[in-house]
Amino acid sequence: MGTKTEDETETGITTATTAGPDGQVTEQPGEPAAEDRAEPAEGPSGVGQGAAAVVSAALGLVSLTGSWLGTVAAARETLVGQLRTAADAGVATQVKEIYGDAWHTSALWGGLFALTALIVGAVVLVRPAFGAPGRTAQAPWIKSVAWAGVALGVVGLLLAVLKYTDLLLGLPATG
């Protein structure tokens, strides 16, 4: 029976040494050591673009449903309207100062979130055009989520403009 051992040479290549039954030693080259193996070079994984696409879709959704920041700003505007309005002010003035300005503030914050979603989604979609010449393809899910963010941003921006201009759910007539 022969004895088999493995040694690593100075070049990082392992060699198998086998001693036969007659005592003759033979060396056979093996594979390169694990740390010297050349791994295939991978390009960018697209994680940043995927994250930006998800952020775009989330911002678009927030623009439609409302945000904590928009709610706080609207509540603050309601308080400011109450403080500014005299007790003997007319109903139209009270409604505008207390409710109208808060409604417009809410629409403004929704529009800002929608515009941000639209811009981030558009940047994700055009990013491959400015990348490395050999790498222009994006994962299909990144494109889909970015398009969702753009679509939600457009809808949110449209609704914010309609709210701000009182074309959608405007203030009631006061007499």
Exercise for the section: At a 1.4 Å probe radius, which order do D166, D22, D101 fall into by accessible area, largest first? Expected result: D22, D166, D101
Fill in the blank from the handout: Here FRET efficiency (C-beta to C-beta, T85 to A51, R₀ 45 Å, nearest 0.05) is 0.50
Problem - Order by protection proxy (mean Cβ within 10 Å, highest first), peptides 73-86, 53-66, 118-131 - result: 53-66, 118-131, 73-86
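If the chain between R76 and A129 were fully stretched, how many nm would it gain, using 0.36 nm times the residue separation less the Cα-Cα distance? Could you put the intermediate results ahead of the total?
On the way: separation 53, 0.36 × 53 = 19.08 nm, distance 4.37 nm.
Computed gain between R76 and A129 is 14.7 nm.
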Fill in the blank from the handout: Going residue by residue through the stretch 86-99, the Karplus relation 6.51 cos²θ - 1.76 cosθ + 1.60 with θ = phi - 60° gives ³J(HN,Hα) values, rounded to whole Hz and with x marking Gly or Pro, of 6, 5, 9, 5, x, 4, 4, 5, 4, 4, 5, 5, 8, 9
Handout entry: Integer Hz, Karplus 6.51/-1.76/1.60 couplings in order for the stretch 47-61, x for Gly and Pro
Key = 4, x, 5, x, 5, 5, 5, 5, 4, 4, 5, 5, 5, x, 5
Practice task
Add +1 for every Lys or Arg and -1 for every Asp or Glu among the other residues with Cβ under 13 Å from the Cβ of E77, and state the total.
Solution key: +1
Problem - Per-residue HN-Hα couplings for the stretch 120-131 [Karplus 6.51, -1.76, 1.60; θ = phi - 60°; Hz; x = Gly/Pro] - result: 4, x, 5, 5, 4, 5, 8, 4, x, 5, 10, x
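The values are calculated or read from the model by the stated rules, or taken from the named source; none is laboratory data. As the structure is a computational prediction, the values presented were derived from the model and not from experiment. Neighbour counts are summed over all protein chains in view; Cβ atoms, including those assigned to glycine, are modelled from backbone coordinates with ideal geometry. Each accessible area value is taken on the protein alone, full model and side chains, heavy atoms only, with ligands, DNA and RNA left out. Shrake-Rupley method; radii C 1.70, N 1.55, O 1.52, S 1.80 Å.
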